[in-house]
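Where a number appears in this text, it was derived from the coordinates with a stated rule and is not lab data. Computed from a predicted structure; not experimentally measured. We place every Cβ from the backbone using ideal geometry, glycine too, and count neighbours over all the protein chains shown.
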Amino acid sequence: MQEVKIVQDLINSFVRLSAAMTVYSMQQMQSAVDTIDPNHSVTKLKKMIDSMTDALTSQIDESKKKTVEAISNLGADVVERTFETLNVQALSPHDLVKSTNDMMRKTSDSLASIIKSDKADDKASGGRHKPKAAEEAVAKH
């Protein structure tokens, strides 16, 4: 039973890391928009984030890189559809940051519901089924 608690704590640590990285990224985006030259700041911030992503991705096993790519593509699709829906050209940079924050909140809520749903499925089956790959869990919803 102690092993289960250790795994729960580890998963909670990963969730906290993901949340902190998301909020930090949004904070940095907001700071970039508030500067005198937002185009330069946003470009610099994007370059930094892409560099961090590349560094992390290079440490991931080849067999798991498809999961990163699938989640990234899903996120890119959500962002593209959201921007199309919002008619982003008509938004000010501050409105854009607010809309992005809203989108991030909705995405987090959706991911939380996926996790809750998977936990409920696991409880209903008495924990007798194998964990799913991320692509499978995301595709289900």
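Report the extension gain between Glu69 and Val4 in nm, rounded to one decimal, defined as 0.36 nm multiplied by the number of residues separating them, less their alpha carbon distance.
Values: separation 65, 0.36 × 65 = 23.40 nm, distance 2.95 nm.
Working it through step by step, the gained length comes to 20.5 nm.
At 0.36 nm per residue, and after removing the present C-alpha to C-alpha distance, how many nm does the segment from Asp77 to Lys44 gain when stretched out fully? Working shown, then result.
Working: separation 33, 0.36 × 33 = 11.88 nm, distance 2.30 nm.
Extra length available between Asp77 and Lys44 comes to 9.6 nm.
What translational diffusion coefficient, in µm²/s and rounded to a whole number, does the Stokes-Einstein relation yield for the range 1-75 at 10 °C and a viscosity of 1.306 mPa s, taking the hydrodynamic radius as the Kirkwood radius over Cα pairs? It would help to have the intermediate numbers written out before the result.
Details: Rh = 14.8 Å.
Rounded, D is 108 µm²/s.
Quote the charge dipole size of the range 1-84 about the Cα centre in Debye, to the nearest 20; the model charges only the Cβ of Lys and Arg (+1) and of Asp and Glu (-1).
Roughly 140 debye, rounded to the nearest 20.
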